[in-house]
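The block underneath contains the structure these notes are about, expressed in structure tokens.
The values are calculated or read from the model by the stated rules, or taken from the named source; none is laboratory data. Computed from a predicted model, the values in this text were never measured in an experiment. Cβ coordinates were reconstructed from backbone atoms using ideal geometry, including for glycine residues, and neighbour counts include every protein chain displayed. Side chains included, ligands, DNA and RNA excluded: accessible areas come from the protein's heavy atoms. Shrake-Rupley method; radii C 1.70, N 1.55, O 1.52, S 1.80 Å.
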Amino acid sequence: MLLYHLLLQTVKTQQSAGVSPGQPHLLQYELKDGKDVAKAVNDLSQAASGGSLYIIADEVGSEFSRVYRIKNFQTLCDKLLTQVPRLHLWAASCYHGYTPAGWQVEYLTRPLRSPPSVVREVARDEKITKHRYVKPYSERGVPDHTDGPPVMRLYHRGQGHSGDWSDDCVTCGREVASFLHSLRVGVTESSTTTSTTLTSTSGGTTPRCLQWRDVLVLDWRDVSDQSSMVTGLQEAGIPVRVMTDDDIEDVATARSDVVWVTSGHRVRGLERKVVVCLEDPGYDLLRSQLSLVYNSTSPRLDLMSRCTSQLVIVSPDDWPLEGH
């Protein structure tokens, strides 16, 4: 969705310069259960019309692939190879065990998205350190002018806190809101003489104040509008919305100036300057093993890695457990 809108912007820019590059078309397929594989092959091969076909595939081999051994993407590629002679295809996945036989492989492991303070948290995920499903980070290769903002840790414990999880706690929502207010998120330069800028990955600073659209609140499970965390944020004056299927385009393009709250598995590939990670106190050995088997949402690998600057972790007393 994000790539589609970036292409639309490029087309508009070229058209204003008198160039007619054509129009992008958004085609959506459900490849998880294989029902749209044949349709995708037919549509794409027809679009090639005997010429070249260029495909960029991101997040290949995501959740549940390891359990069901779904080979639908590889089937798609194999069929396209037989029908489109001039096929150019690039596929990316953080899981290196999904490479089809005979494909050329490059490992891109330089941590260019997040500052070192965030990279250190992500790098502790057991899928990287213990089970090696994901390649470990290599050196960045460019100077780290700054370590980035320190990771902010809030705890679901003590007086006023309630519920088993932080997303069931109004007090946790208020504490997250308080920290966001301390960053002066949503405060325009015209209304104050001071503003907050966060260090980017390259070591520079953002040229404008933080906006609400720069913030994502990510949970390890699905979130509802009735979540106490959402209530706490709303009571503190935070413009917050819980993401639904109808909001995918809005979230991808950051169109609405709001703080989106959603489960981490729904926003793989997106980035935000400020990410609030809600950790699960039940992330014990059983959940850890389920995460490894089902390839489900991992707090470090999936949630924290979305952050390009300020990471906020909300966790219980005994967290963080090593690698979780």
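Here Lys135 is the anchor, and the aspartates and glutamates within straight C-alpha reach of less than 19 Å, apart from those fewer than 8 places off in the same chain, are Asp58, Glu59, Glu63, Glu106, Glu121, Asp125, Glu126, Asp302, Glu322. Annotation for segment 1-62: chymotrypsin sites (Phe, Trp or Tyr not before Pro) lying in DSSP loop with at most 16 further Cβ atoms inside 10 Å of their Cβ are Tyr29. For His145 and Asp33, the difference between the fully extended length at 0.36 nm per residue and the C-alpha to C-alpha distance is 35.7 nm.
Distance between the modelled labels on Asp245 and His131, one decimal in nanometres: 2.8 nm (7 Å Cα→Cβ projection). Rounded to the nearest 10 square angstrom, Trp165 shows an accessible area of 70 square angstrom against a 1.4 Å probe. Measuring against 24 Å, Cα to Cα, the residue pairs Lys71/Lys273; Lys39/Lys127; Lys71/Lys127 contain Lys71/Lys273; Lys39/Lys127 as the ones spanning a longer distance. Here the alpha carbons of segment 21-63 define both size measures, Rg and Dmax, at 12.0, 36 Å.
Over the residues of segment 1-125, compute the C-alpha Rg and express it relative to 2.2 N^0.38 Å. It is 1.27.
Measuring with a 1.4 Å probe in the full set of protein chains, what accessible area per residue, in whole Å², belongs to segment 138-192? Could the numbers behind the result be given before it?
Numbers: 3120 Å² over 55 residues.
Ligands and nucleic acids excluded, the result is 57 Å² per residue.
A Cβ-based charge dipole, computed about the Cα centre of segment 1-147 with Lys and Arg at +1 and Asp and Glu at -1, lands at about 260 debye.
Most tightly packed first, judged by the mean number of other beta-carbon atoms within 10 Å of their residues, the peptides 136-149, 5-18, 167-180 read 167-180, 136-149, 5-18.
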